[in-house]
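Presented below is the structure to which this report refers.
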Amino acid sequence: MSVESARSVLVAGGAGYVGSVLVGRLLEAGQRVTVLDALLYDNGASLAGVADHAGFTFVRADIRDREAVEGALDGVDDVVLLAALVGDPVCSSLPELAREVNVDGAGNVLDAAVTAGVERLVFASTCSNYGLRDSDEPATEADQLNPLSLYAETKVEMEHRILERAPEIGAATVLRVATAFGISPRMRFDLTVSEFTRELTLGRELEVYDAETWRPYCHVSDIASAIQATLAAPADTVGGEVFNAGGADGNFTKRGIVEAALSRLGERGAVKWAEGGVDPRNYRVSFDKIIAALGFVPEVSVPAAIASLSAAIDAGLFTDVERRPSFFANNQGMPGVVEGRAA
């Protein structure tokens with residue numbers, strides 16, 4: 001497939017933890033990719049590896065800028081909406097900005113996509129929307145949502161908007177993505193698997209709250225695969241649908257993550273178990289629907305990713321984490337934000 005004849009995909013938020021992996025995968029598949037990203041975390045370097053690719057275009061802009069969004073959509077077939085303030089801590093610390101970006105800005109992308117007549121729109125939501133469940137049964141897409149944070153509230157609101165307007169797009173799909181892990185060009189160490197692995201690899205004491213709480217986890221490369229599978233699926237299979245994106249083997253308690261890390265690392269570091277954490281979420285998730293509809297099953301396990309990341313840390317690949325906190329974490333302040341607003 002030539003670049004000229006390839007499908008054109010706009011990835012809003014393509015310089016992020018998941019986006020920077022997805023962009024490379026789409027280009028490898030022969031598609032033309034435009035990334036629209038405000039680079040709030042000084043994370044432009046995450047796209048250095050694809051910057052000179054013939055099918056790649058970069059637009060530095062904020063999704064709240066309607067004119068910029070409309071311009072970036074020129075000639076685009078499909079849209080992947082990843083751009084957001086991602087995570088409970090950053091949304092809690094910047095609530096006004098969180099709503100502006102995650103709802104108003106995402107709404108701009110939705111409106112512009114409908115106007116432009118795009119054929120596909122994939123929205124990255126979150127399994128965090130399930131919040132705290134009374135049942136021990138894994139949550140399905142049909143179960144009631146229980147958002148416990150501003151971040152999840154904004155995602156639920158956008159889910160409703162997108163599903164309401166789905167008939168106006170060839171195929172609009174919501175993916176409730178499991179908590180990401182794994183090595184990425186825009187690496188994050190403020191996520192559970194990465195944080196636990198790094199602290200223990202470096203021989204530090206790791207304090208873990210609420211060890212028996214459950215979460216689903218999915219490797220960044222597998223999340224990218226789920227998005228690609230959604231883009232490639234028949235429109236009547238994915239249009240107007242919600243899919244949990246992850247795999248049953250990725251449901252772990254925090255204690256389970258620690259045990260997986262210790263089995264790889266041995267006696268390094270120490271673990272302090274504690275109660276009374278500020279995050280009350282506790283949920284397992286069913287991924288039967290995405291398996292049945294798309295044949296999607298994650299390939300990279302949590303233990304395998306722990307081993308890879310620990311080896312990379314030991315090799316000295318991440319010695320600048322403390323010097324570049326905003327690049328490696330979403331909760332350490334953003335160079336592109338001044339007094340709660342994008343600079």
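A few remarks follow.
- Inter-part distance where region 72-141 and region 239-275 are each reduced to a Cα centre, Å: 24 Å
- DSSP bridge pairs, region 155-283: antiparallel proportion in percent, nearest 5: 20 percent
- The residue among 256, 209, 187 whose Cα reaches farthest toward the positive pole of the charge dipole of region 172-290, with charges on the beta-carbon of Lys, Arg, Asp and Glu, is 187.
- Candidate lysines - alpha carbon under 16 Å from residue 254, same-chain residues fewer than 8 apart omitted: 272
- Across the chain, Cα pairs under 8 Å and at least six residues apart give a relative contact order of 20 percent.
- Annotation for region 16-35 versus region 302-334: alpha-carbon center distance of 21 Å.
- Fraction of antiparallel bridges per DSSP, the chain only, in percent to nearest 5: 10 percent
- Only alpha carbons enter this Debye calculation for region 102-197, each as an equal point scatterer, and the log10 of I(q)/I(0) it gives at q = 0.24 Å⁻¹ is -1.20.
- With 5 Å bins from 0: P(r) over region 143-230, alpha-carbon pairs, percent: 3, 10, 15, 19, 19, 15, 9, 5, 3, 1, 0
- The residue among 31, 73, 89 whose Cα reaches farthest toward the positive pole of the charge dipole of region 11-141, with charges on the beta-carbon of Lys, Arg, Asp and Glu, is 31.
- Per-residue Cβ neighbour rank within 10 angstrom, fewest leading, 85, 294, 10: 294, 85, 10
- The chain - charge dipole about Cα centre, Lys and Arg +1 at Cβ, Asp and Glu -1, debye rounded to 20: 580 debye
- Dividing the convex hull volume of the alpha-carbon atoms in region 244-284 by its residue count gives 98 Å³ per residue.
- Reference-scaled alpha-carbon Rg (2.2 N^0.38 Å with N residues) for region 16-84: 1.04
- Neighbour-count ranking [beta-carbon atoms within 10 angstrom, fewest first] of 53, 219, 160: 160, 53, 219
- Here the Kirkwood formula puts the hydrodynamic radius of region 1-156 at 16.4 Å, using every distinct Cα pair.
- In plain terms, if you count all Cα to Cα distances in region 200-343 and split them into 5 Å steps from zero, the share in each step is 2, 8, 13, 15, 16, 17, 14, 10, 5, 1, 0 percent.
- With Cα atoms as the point set, the radius of gyration and Dmax of region 82-140 evaluate to 14.7, 43 Å.
Read-outs: derived from the displayed coordinates by stated rules, not from any lab. Since the structure is predicted, the reported quantities are computational estimates derived from the model, not experimental observations. Every residue, glycine as well, gets a Cβ built from its backbone with ideal geometry; the counts of neighbours run over all protein chains shown.
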